[in-house]
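The values are calculated or read from the model by the stated rules, or taken from the named source; none is laboratory data. Since the structure is predicted, the reported quantities are computational estimates derived from the model, not experimental observations. Heads up: the accessible areas ignore ligands, DNA and RNA and are worked out on the full protein's heavy atoms, side chains in. Shrake-Rupley method; radii C 1.70, N 1.55, O 1.52, S 1.80 Å.
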Amino acid sequence: MRLRKYLLVPWLAISIYALSSLFTGAAGMGSYRKLLAERDMIFENMEDLEALNQELEGTMDALLYDSETIKVRARELGYGDETERFVRIAGLSSVRYRETSAGTVKTAAKPSYIPDKVLRIVSVLAGLAVLLVFFARDLFSASNFR
């Protein structure tokens, strides 16, 4: 019966390693949750980029096929027809065409995790600690009976 409890030590070390790697390891649940959050952020960025692409395509089509849009855009940039005259009013902010941004590029960040080597060392040390407790308990109980 005394030796049976020593068989618990390797199983305890293995279970500590398995549970710690499941929750805090590189392929654990914590890292997976962080990667899912990064994936959602990248999908949202893709949707924003698609909306911006649609807007830019509409602007491009308008500039290609609509002469009035070209005239309005040219006036916003400060150009005019030879028959037109410009009046500048001092004190008012100038009305300029706002440039559209090209969007932002986002990449997934590396999730933080505890390295596998550290998890192995911790589980072995926990197993050794339990082994020492069992051994010390057996040693003290045997010496008390004599």
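Students sometimes get this wrong: rank Glu47, Glu57 by accessible area, probe 1.4 Å, all chains present, largest first.
Listed by decreasing accessible area, they come as Glu47, Glu57.
If you average 1/r across every pair of different Cα atoms in the chain and take the reciprocal, what Kirkwood value do you get, in Å?
Roughly 22.7 Å, rounded to one decimal.
I'd like to verify something in the chain: which complete DSSP H helices, judged by Cα projection on the helix axis, reach 15 Å or more and average at least -0.5 on the Kyte-Doolittle scale?
Span-like helices in the chain: 8-24, 29-65, 116-145.
Tell me, what is the per residue accessible area of the chain in Å², probe radius 1.4 Å?
85 Å²
Once every DSSP H run of n ≥ 4 in the chain is given -39500 (n - 2.57) and the sum is divided by its residues, what mean residue ellipticity at 222 nm do you get, rounded to the nearest 500 deg cm²/dmol?
Dividing the helical sum by the residues of the chain leaves -22500 deg cm²/dmol.
Determine the principal axes of the Cα atoms in segment 1-72, then give the extent along each, sorted from largest to smallest and rounded to whole angstroms.
The Cα atoms of segment 1-72 stretch 95, 13, 11 Å along their principal axes.
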